[in-house]
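Structure, as structure tokens:
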Amino acid sequence: MNKPHLILSVSALLLTLHVSCSSVQKDPAAVKPLYTSDPVQFDSDDPAIWVNPADSSQSLVIGTDKNENGGLYVYDLQGKLIKDKVVKGLKRPNNVDVAYGLNLGGKKTDIAVTTERMTHKLRVFSLPDMKPIDNGGLEMFEGETKEMYRDLMGIAMYTDPKGQIYAIVGRKNGPADGYLWQYLLEDDGTGKLKASLKRKFGKYSGKKEIESIAVDNELGYIYYSDEQFGVRKYHADPAKGNEELALFAKTGFKEDNEGISIYKTSDSTGYILVSDQSANHFQVFNREGKSGPHDHELITSIPVSTNNSDGSETYSKPLNKDFQHGLFVAMSDDKTFQYYRWEDLAGKLLKINK
């Protein structure tokens, strides 16, 4: 006769525990976003920012929906979905990045590039119309046969001083050295896009995986998160060799070190933000180095409202009245992307672009 009351009491206890745990997870000091995007259908993962050269207030945020029937979602600067630009039917698009002025068919074209894990291809779309220009995709990691050695994950674009555009591509698994492959994207001579492998580089600890990759175009460096181990740094120019320049962000993370983005206070100064994913924080390191260009000192850790943030991106200049000192976009695990004003993240400690 007492069983219903017992069931009710247990249910109430579980509910109380759930509410209690949820309240513990919420940091009252967490910085709040100015906008939260419309949700993707399945699983938000990584954003990129395309700045409209004619009118920065019409810039776009492109985000991945990571699923076997996923896509690229395109948003305005208030996080509103632009439905006629959304690309559907991609086979687990993981990360996305943009580049400006690809010379294709005699025309300069801005591009969004995403990794399509299940087909082992890069997919390339023109901006801002999001039309495919890759003839069905560019094969990556050809010749690899080991398990998950061709399962694409991270992507970052590098434009060298000559205007040549490279894709630095990561994967779900790989060797202890040569985990990342770098491809030159160019016209094949007939107006079609091709990818030419230029080098294999990058150490890997074997602890988890390598997904987040970021490029500092002005200084010519590549950073990537060797998850649960640290952030590694290399030259972006293949001609400068494959020596590891720095290994930092090795301590103080709750679990994974993840998304990387760079806020630039000048051509050579600023901050490197690395997601402390399970802590819902972003750790901030100096871009220029403390005692040398590869001595990246921890400055602070910023609590944010994103939950389990994987991918992120930063733009350091004015865009519109909302984002007068830059925009920081971070994925949250509720299928959204959160938009932050840089000054809200910077507080009194970090510098802002005027």
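Summing -39500 (n - 2.57) over the DSSP H runs of n ≥ 4 in the chain and dividing by its residue number, what mean residue ellipticity at 222 nm do you reach, to the nearest 500 deg cm²/dmol?
Mean residue ellipticity, 222 nm, calculated: -2500 deg cm²/dmol.
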Checklist line | Rg/Rh (Cα only; Kirkwood hydrodynamic radius) as it applies to the range 134-205 | finding: 0.99
Margin query: What do you get for trypsin sites (Lys or Arg not before Pro) in the range 157-229 restricted to DSSP loop and a cutoff of at most 10 other Cβ within 10 Å of the site's Cβ?
Written below: LYS162
Checklist line | Rounded tilt (10° steps) of 3-25 against the dominant C-alpha axis of the chain | finding: 50 degrees
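Leaving out ligands and nucleic acids, and using a 1.4 Å probe, what accessible area per residue does the range 30-110 come to in Å²?
Numbers: 3380 Å² over 81 residues.
Dividing the accessible area of the range 30-110 by its residue count gives 42 Å².
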Note to self: Can you work out the Karplus-derived ³J(HN,Hα) for every residue in the range 33-48? Use 6.51 cos²θ - 1.76 cosθ + 1.60 with θ = phi - 60°, whole Hz, and x for glycine or proline.
What the structure shows: x, 6, 9, 10, 5, 4, x, 7, 6, 10, 7, 5, 9, 8, x, 9
Margin query: Give me a comma-separated list of calculated 3J(HN,Hα) values for the range 173-181, in order, Karplus coefficients 6.51, -1.76, 1.60 applied at θ = phi - 60°, integers in Hz, x for any Gly or Pro.
Written below: 8, x, x, 5, 9, x, 5, 9, 10
Note to self: I'd like the distance between the alpha-carbon centres of the range 61-75 and the range 273-287, rounded to an integer number of Å.
What the structure shows: 23 Å
Note to self: Which one, THR159, ILE133, ALA236, projects farthest toward the positive side of the charge dipole computed for the range 119-255 from Cβ point charges (K/R +1, D/E -1)?
What the structure shows: ALA236
Next item on the list: Calculate the spin-label point distance for LYS208 paired with ASN52, positioning each point 7 Å from the Cα along the beta-carbon direction, and give it in nanometres.
Entry: 3.7 nm
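Tell me, in nm to one decimal, what length is gained between ASP84 and LYS192 on full extension, where the rule is 0.36 nm per residue of separation less the Cα-Cα distance?
On the way: separation 108, 0.36 × 108 = 38.88 nm, distance 2.47 nm.
Contour length minus the Cα-Cα distance gives 36.4 nm.
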Notebook entry, point to check: Under the classification rounded if a/c is under 1.5, otherwise prolate if a/b is larger than b/c and oblate if not, where does the range 146-288 fall, given a ≥ b ≥ c as square roots of the Cα gyration tensor eigenvalues?
Noted result: oblate
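Taking a 1.4 Å probe, which of ASP344, ASP134 shows the most accessible area, and what order do the others take after it? Don't jump to the answer; show the numbers that get you there.
Details: ASP344 60, ASP134 5 Å².
Descending accessible area places them as ASP344, ASP134.
Could you tell me which of the pairs LYS290/LYS351; LYS121/LYS198; LYS66/LYS200 are separated by over 23 angstrom between their Cα atoms in the structure shown?
Beyond 23 Å: LYS66/LYS200.
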Next item on the list: Calculate, in nm to one decimal, what GLU147 and ILE352 gain on full extension: separation in residues at 0.36 nm each, minus their alpha carbon distance.
Entry: 69.3 nm
Checklist line | Candidates per trypsin sites (Lys or Arg not before Pro) in the range 279-333, loop by DSSP, up to 14 other Cβ within 10 Å | finding: LYS290, LYS321
Checklist line | Extension gain from GLU244 to THR300, taking 0.36 nm per residue of separation minus the Cα-Cα distance | finding: 17.7 nm
Checklist line | Dipole magnitude (debye, nearest 20) for the chain, charges at Cβ of Lys, Arg, Asp, Glu | finding: 180 debye
Item checked: Label of the coordinate-derived value, semi-axes √(5λ) of the Cα gyration tensor in Å, listed as (1) 41, 24, 21; (2) 33, 24, 22; (3) 30, 27, 20 -> (2)
Check: Using the per-residue mean of other Cβ atoms lying within 10 Å as a proxy for protection, in what order, highest first, do the peptides 272-280, 296-304 fall?
Finding: 272-280, 296-304
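The values are calculated or read from the model by the stated rules, or taken from the named source; none is laboratory data. Given the structure is predicted, the values throughout are model-derived calculations rather than measurements. Backbone-built Cβ (ideal geometry, glycine too); neighbour counts: all protein chains shown. Note: accessible area is taken over every heavy atom of the protein model, side chains too, but ligands, DNA and RNA are not part of it. Shrake-Rupley method; radii C 1.70, N 1.55, O 1.52, S 1.80 Å.
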